[in-house]
Amino acid sequence: MIDLHCHSTASDGRLNPTDLVARAAAFGVTTLALTDHDTLDGLPEARHAAHEHGLTLINGVEISVSWQRRTLHIVGLAFDAENTVLTDGLATLQAARTSRAERMGHKLARAGLADGYARAAELAGAGQITRPHFARLLVADGLCRDMNDAFKRYLRPGKPGHVGIEWASLEDAIGWIEDAGGVAVLAHPFGYGFTGTWRRRAVAGFTQAGGHGLEICTGTTHIDQESQAHRDARDHNLAGSVGSDFHAPEQIWLKLGGVRALPSSLPAIWDHPRWSVG
Ligand code: AMP
Ligand code: MN
Ligand code: MN
Ligand code: MN
């Protein structure tokens with residue numbers, strides 16, 4: 001069983017890389033990519049755990065991209081994690097995350113959340129500070145009912161805790177991944193709240209920028225969405241990828257490896273000529 005998209009405490013996941021890999025193995029995953037937001041920091045620990053469990057770990061990352069005043073997520077897979085073009089590029093995003101978190105802390109203080117930045121930084125530990133960390137604080141302080149409520153009322157564009165940020169360009173993100181010898185996959189095409197027109201536009205822009213694959217099966221897609229994504233991939237000659245986007249055991253509707261198999265009529269990203277297990 002293959003799962004090419006999940007998160008650890010190196011970003012907004014709730015399990016450390018060791019526990020994440022152990023859980024993946026227990027659920028029958030044999031090939032796993034750890035794809036934390038804008039960081040490779042979880043990979044060495046995950047690799048060690050994968051070795052213990054006899055599981056194949058694929059180097060992965062989920063890069064935040066600003067495109068047409070929207071955010072896209074580009075999953076990089078099977079790259080050389082020592083490549084400095086990639087690690088330098090990610091370092092700029094990590095710095096942007098820290099300064100965004102500081103500004104979010106200030107804005108959320110005015111909306112009633114005390115000491116947000118320091119507390120989010122503490123929750124994140126050595127990992128990247130993400131909006132879900134602030135969402136957890138908003139829930140813990142009783143300002144929000146749940147994570148979804150926190151995003152809806154505080155953290156989305158136009159809401160009091162939102163801070164706009166310029167992430168990587170699409171060309172840069174794909175370029176960093178290519179330089180490191182990996183493949184670039186447009187993550188969860190149905191996860192952006194786009195209309196069909198914008199989804200197809202994003203797939204076209206991604207293809208034009210040199211992208212290699214499209215996520216077809218995720219932990220939350222319906223079968224009809226997967227058929228749509230399948231057509232998008234065929235239209236643009238993209239390979240297909242699969243990934244649960246697992247973040248936490250509390251997401252009981254979603255499990256590691258809990259994705260439908262890629263239709264055999266679509267070339268798989270792991271059969272791409274650029275794919276090398278690094
Ligand atoms: P960031 O990259 O810091 O802006 O955070 C984005 C992350 O927030 C995504 O990767 C999701 O994991 C998470 N997220 C987005 N919307 C929601 C939501 N409604 N409820 C819970 N988590 C969300
Ligand atoms: Mn996330
Ligand atoms: Mn994502
Ligand atoms: Mn993700």
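At-a-glance table
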quantity	calculated
Selection from segment 153-189 of residues that are of a type in the set (Gly, Ala, Ser), within 15 Å of THR87 (Cα to Cα) and touching a strand residue (DSSP E or B) at 6+ places or on another chain (Cβ under 7 Å)	ALA168, ALA173, GLY182
Matching residues in segment 38-84 - criterion: being of a type in the set (D, E, K, R) and over 30 Å from GLY193 (Cβ atoms)	GLU45, ARG47, GLU52, ASP80, GLU82
Any hit, segment 134-157, residues being of a type in the set (Lys, Arg), crowded, with 16+ Cβ neighbours inside 10 Å, within 20 Å of the chain's Cα centre (by Cα) and farther than 27 Å from ARG103 by Cα	no
Selection count, segment 250-275, where residues are surrounded by 14 or more Cβ atoms within 10 Å (Cβ to Cβ) and part of a loop (DSSP other than H, G, I, E, B)	14
Single residue of segment 237-249 satisfying the filter (away from ligand 2 (no atom under 16 Å from the Cβ) and assigned to a loop (DSSP other than H, G, I, E, B)) that is farthest from THR30 (Cα to Cα)	ASN237
Condition broken by THR197, with the remaining ones in (1) hydroxyl-bearing (Ser, Thr, Tyr); (2) more than 16 Å from ligand 3 (Cβ to nearest atom); (3) not in a helix (DSSP H, G or I) satisfied	(3)
Subset of segment 1-32 that is acidic (Asp, Glu) and surrounded by fewer than 24 Cβ atoms within 10 Å (Cβ to Cβ) - its residue that is nearest to ligand 4 (Cβ to nearest atom)	ASP12
Any chance SER66 is among the small types (Gly, Ala, Ser), at negative phi, over 16 Å from the mean Cα position of the chain (by Cα) and surrounded by fewer than 19 Cβ atoms within 10 Å (Cβ to Cβ)	no
Which listed residue, of PHE206, PHE190, is within 17 Å of the chain's Cα centre (by Cα) and surrounded by fewer than 19 Cβ atoms within 10 Å (Cβ to Cβ)	PHE190
Boolean, THR195 is surrounded by fewer than 18 Cβ atoms within 10 Å (Cβ to Cβ) and of a type in the set (S, T, N, Q)	yes
Filter result (touching a residue at least 40 places away in the same chain (Cβ under 8 Å) and closer than 21 Å to HIS272 by Cα) within segment 239-256	ALA239, SER241, VAL242, GLY243, SER244
Residues satisfying the stated conditions in segment 183-201, i.e. over 23 Å from TRP275 (Cβ atoms) and not β-branched (Val, Ile, Thr)	PHE190, GLY191, TYR192, GLY193, PHE194, GLY196, TRP198, ARG199, ARG200, ARG201
Single unsatisfied condition, ALA50 versus (1) buried (at least 16 other Cβ atoms within 10 Å of the Cβ); (2) part of a helix (DSSP H, G or I); (3) not assigned by TED's automatic domain parsing to the domain that holds VAL21	(3)
Segment 4-25, subset in a helix (DSSP H, G or I) and either of a type in the set (Lys, Arg) or touching a residue at least 40 places away in the same chain (Cβ under 8 Å) (or both), residue nearest to ligand 2 (Cβ to nearest atom)	LEU20
Residue list for segment 203-218, restricted to those being within 16 Å of ligand 1 (Cβ to nearest atom) and either under 15 Å from ARG234 (Cα atoms) or assigned to a helix (DSSP H, G or I) (or both)	GLU215
Condition broken by SER169, with the remaining ones in (1) touching a helix residue (DSSP H, G or I) at 6+ places or on another chain (Cβ under 7 Å); (2) of a type in the set (S, T, N, Q); (3) away from ligand 2 (no atom under 14 Å from the Cβ) satisfied	(1)
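The values are calculated or read from the model by the stated rules, or taken from the named source; none is laboratory data. On a predicted model such as this, the values are computed, not experimentally measured, just so you know. Counting neighbours? That spans all protein chains shown, and the Cβs are built from the backbone with ideal geometry, glycine included.
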